C-alpha cells in the first residue's frame, strides 16, 4: 500500500472537514464489517454441514450477506467524502487525481496477487482455463476498484457534485435493473467475452463479485452519503434514514411474496433481484444512521478497536484471507487445531483468534506508519519487491 496511510486508499478517502465524524461512524461501520467478514469466512470454510440445515443458519446466512455490501457501500461513501475537498483537483487532473489512480491500481494489484492458484509465474504460463478463471476472479477489491473508476469517469464527465449525483443515480438504477437481464443471457454468448472482462460482468464462469449487481452498493453508498452531507441538519437526516431503512426492508419483504417479475422467475432472487438489492441497501442505511446518531457515545476501547480496524480494513481483509484461505502453513495449523466436526462455538473461538492476530498486526502497522512514515513507505516498497521477485523467479 502507499505508506502514508491505508486511509488514503479509495476505501478510506475522506475530507478533512469530516474527519471527526468519519472516526466515530464510518470507520466503525467498516470495523464492524471486518469482524463480520472473519466470522463469515470461518463459517464458510470450516463449519460442519450438520449445523447448516436449520432456520438459525439461514438467518445467519442472510446476515452474512451484508458483509461485502457494507465494505462496498463504505467505498462509495468514501469517494463522496473525498470530493468535499478534492473535486477541483480531480476534475483538473491535479496531483490528488493521479495519486488516487495509483492507489486504485495498487489495490487492483493486491487483489489479483491474492488469487493465483499456484504462486509461480512460470507455472502460471501453463494455467488451465479453470485456473485462469480462479486467478481472474472479480473479488471485492477488484469490484471496488472497477466501481471507483466508473465513478471517477462519471465525475470527469459531469464535473460537479450536482450533476455527479445524477450520474450516481443513473448508475445505480441501470445496474440494478439490468442485472437479471444480463444474468438471463445465454451462457454460450457470454462465453465469447474474454475471461478478464467476463468476470466483471457476470457469474459465468463463476465470478465472486461482478459489477452486476455488486456495484449497486458502491453507488448507494455515494448517494446516501451525498444527501447526508448536504442536509441542513445531518442529525435530522440520519433520523430520517433510520426510519426509512426498516420501512424499505418491510416493503421489500412484502413484495418478495408477489409472484410477478420482469425477468425469468427461475433466476435466484437472492442474487439478481433489484428488490433484494434494495433490502441490503436499506439494512446498511439503517446501520449507517444508527452509528451516526450514537457517535458521541462511541469513545471506549471497543470503539477505538473498531475504528482502527476500519482504518486498516485492507490490512485485516488481506490478513484474515491469508490465514483462513490462502496460506498452506496457516491452513494446516487451523486444520490441526480444529476438531473433526466444527460447531458454532468453535467458529466463535476461531473468529476471536483470527481477529486477535490480524488486529494486532493492524495496530502495529498503524503505529509504524504514524511514527515512522518514511520507514513504513520503504518497508512497503521492499516487501512488495520481494513478493514480486519471489513470484517471478519461483520455479515450482
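Can you confirm whether region 152-160 contains a residue that is in contact (Cβ under 8 Å) with a residue 12 or more places away in the chain, in a helix (DSSP H, G or I), more than 21 Å from the chain's Cα centre (by Cα) and surrounded by fewer than 19 Cβ atoms within 10 Å (Cβ to Cβ)? Within region 152-160, one or more residues are in contact (Cβ under 8 Å) with a residue 12 or more places away in the chain, in a helix (DSSP H, G or I), more than 21 Å from the chain's Cα centre (by Cα) and surrounded by fewer than 19 Cβ atoms within 10 Å (Cβ to Cβ). Of all residues in region 53-71, those that are assigned to a helix (DSSP H, G or I) have Cβ atoms under 8 Å from Cβ atoms of residues that are modelled with pLDDT under 90 and surrounded by 14 or more Cβ atoms within 10 Å (Cβ to Cβ), 6 or more apart or on another chain, in 57/51; 71/11.
The condition of being in contact with a helix residue (DSSP H, G or I) (Cβ under 7 Å, 6 or more places away or on another chain) and without any contact (Cβ under 8 Å) to a residue 40 or more places away in the chain holds for only one of 344, 339, that being 339.
Note on region 344-396: residues that are outside any helix (DSSP H, G or I) and at pLDDT 90 or above amount to 1.
The rows are residues; the columns are (1) under 20 Å from residue 269 (Cα atoms); (2) within 21 Å of the chain's Cα centre (by Cα); (3) without any contact (Cβ under 8 Å) to a residue 24 or more places away in the chain.
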site: 197; (1), (2), (3): no, yes, yes
site: 217; (1), (2), (3): yes, yes, no
site: 222; (1), (2), (3): no, yes, no
site: 226; (1), (2), (3): no, yes, no
site: 249; (1), (2), (3): yes, no, no
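Listed by position, the helices (runs of 4 or more DSSP H) contained in region 236-325 that have at least 2 residues being in contact with a helix residue (DSSP H, G or I) (Cβ under 9 Å, 6 or more places away or on another chain) and within 30 Å of residue 369 (Cα to Cα) are 274-293, 301-311, 313-321.
When the test is whether a residue is over 17 Å from the mean Cα position of the chain (by Cα) and either surrounded by fewer than 19 Cβ atoms within 10 Å (Cβ to Cβ) or without any contact (Cβ under 8 Å) to a residue 40 or more places away in the chain (or both), residue 176 does not pass it.
The values are calculated or read from the model by the stated rules, or taken from the named source; none is laboratory data. Please read these numbers as outputs of a predicted model, since none were measured by experiment. Because the Cβ atoms are built from the backbone with ideal geometry, glycine has one as well, and the counts that use them run over all protein chains shown.
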